[in-house]
Amino acid sequence: MAIDLAPISLPATADAEQFKDFGREILGVNPGGMSEEQMKEVHDLLHKYSVLLFRDVDVTPEQQYNLTKSFDPSSENHGHGNDFSKTPGRKLFELNAIPGVPQVKLIGNGTVYNHEGLSEAVLKHPSHTTFHKTHVSAEDTAKGITRFQRWHMDAALYDLNPPRVTTLYAKVVPQGPHQTVRYDDGTGDELEVPLAATAFVSGKTMFDILSSENKSVAVRGRVKYSPHPYAWMATAHALSTGLGIVSEGLEMPDDELPLWDEDKIKVYPMTWKNPVTGELHFQVHPCGVRELFVDPLPAVASREGALYPDGAHLTNLMYKMQRPAIAPSLVYPLDWRENDLILFHNRGLLHSVVGELKKDQIRAFHQCNLAASDEPAGPTPEDVRKYA
């Protein structure tokens, strides 16, 4: 018996046509106790729709871990490792492990007491003010103006492989008026969002809307991430859109980074192939990229109008390829309710924390993702011939 689905609720700003195959609400299913048949269907649905939402469900940390692990049964460690205190660059974000299930982390805002075995946890909602080069003024913040904090996928990007799926479970959701994301990049773009929303953009859409010339680059391109990228970027500043680092030379020098092994540095294709649909997703963490490599055109490809037909080694290309996909009409800001659980295809989209919260606005979420047992697959030779 097929699982019942409903469309996700899109904001008025969204281009509904671009979201026709993005996001679904799962109806009448207990995510903590799915049958093997239901789990197989959910697996395929996630890869088809990228985000699955379960409203008003009860899920224990153990059930959340088991659900996440079912997408990759041989995986064991959280995407940044189970002992987060040893993660270089951890000042960019804080994760508190749930006792007994260290792969499930408590994230959010404010001080939480007696929570799942934690007597006290001081949580801090990530804000653009700690990472961006420029900040929204205090006056505008008081009026509800905010920004995307940092567009990313959940991944260590060094040593450990990017998780296949992330699960997020809302235990406490703060209440308050909507805020307005201001891009502050000269475009005038703004987006109204619920308080403390999580924003998503589709990697498939990011690829699909590229020009044919840039699609050719995307299927031929590879990105090399910094060793210990979160330590590397911790001393730098992000752009006002949260989509990459400002070029100021403030990144941590290699000789000051924690000890690293060249073999553990990650080099990934710009586009990752969806294992169920076969479609390509433009999947690059914009803040951690050190170098870009573009392979030469295949011998059978036309060189007329092609970018980098003989290949290239670059350091600055991502922003102009990724910025169109975070336009207000292409962003899905999830309006959380308490006891909502979402699964998102971490290898097929980017997401960002949004908004500003005061200390007394409590937000408590359980997050789980697991470093994958495999590397993401890039485009096939047939894909390269098709788009190059």
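Structure notes:
- Selection status of D360, surrounded by fewer than 19 Cβ atoms within 10 Å (Cβ to Cβ), outside the structural domain of E248 (by TED's automatic domain parsing), in a loop (DSSP other than H, G, I, E, B) and of a type in the set (D, E, K, R): yes
- So K105, is it within 24 Å of G32 (Cα to Cα) and in contact with a Leu (Cβ under 9 Å, 6 or more places away or on another chain): yes
- Filter pass, D189 being out of contact with any Asp or Glu (no Cβ under 7 Å at 6 or more places or on another chain) and in the same structural domain as M153 (by TED's automatic domain parsing): yes
- Restricting segment 324-357 to residues that are farther than 28 Å from D15 by Cβ and not polar (S, T, N, Q) leaves a set whose member that is surrounded by the most Cβ atoms within 10 Å (Cβ to Cβ) is L357.
- Counting the residues of segment 256-298 that are over 14 Å from A218 (Cα atoms) and among the polar types (S, T, N, Q) gives 2.
- Identity of the residue in segment 227-246, surrounded by fewer than 24 Cβ atoms within 10 Å (Cβ to Cβ) and small (G, A, S), that ends up nearest to T129 (Cα to Cα): S240
Residues are listed down the side, and each one gets a yes or a no for (1) closer than 28 Å to S127 by Cβ; (2) in contact (Cβ under 8 Å) with a residue 12 or more places away in the chain; (3) of a type outside the set (D, E):
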{"residue": "T180", "(1), (2), (3)": "yes, yes, yes"}
{"residue": "D189", "(1), (2), (3)": "yes, yes, no"}
{"residue": "E192", "(1), (2), (3)": "yes, yes, no"}
{"residue": "S212", "(1), (2), (3)": "no, yes, yes"}
{"residue": "P227", "(1), (2), (3)": "yes, yes, yes"}
{"residue": "T235", "(1), (2), (3)": "yes, yes, yes"}
{"residue": "G249", "(1), (2), (3)": "yes, no, yes"}
{"residue": "L257", "(1), (2), (3)": "yes, yes, yes"}
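- Filtering segment 280-315 to residues that are crowded, with 18+ Cβ neighbours inside 10 Å and either farther than 17 Å from Y158 by Cβ or in contact with a Lys or Arg (Cβ under 7 Å, 6 or more places away or on another chain) (or both) leaves L280, H281, F282, Q283, C287, L292, V294, L297, Y308.
- Enumeration of residues in segment 15-38 that are surrounded by 11 or more Cβ atoms within 10 Å (Cβ to Cβ) and on the phi > 0 side of the Ramachandran plot: G23
- Taking first residues from segment 124-138 that are touching a residue at least 24 places away in the same chain (Cβ under 8 Å) and partners that are hydroxyl-bearing (S, T, Y) and surrounded by fewer than 19 Cβ atoms within 10 Å (Cβ to Cβ), the Cβ contacts under 8 Å between residues at least 6 apart in sequence or on separate chains come to V136/T129.
The values are calculated or read from the model by the stated rules, or taken from the named source; none is laboratory data. All values derive from a computational prediction rather than experimental measurement. Counting neighbours? That spans all protein chains shown, and the Cβs are built from the backbone with ideal geometry, glycine included.
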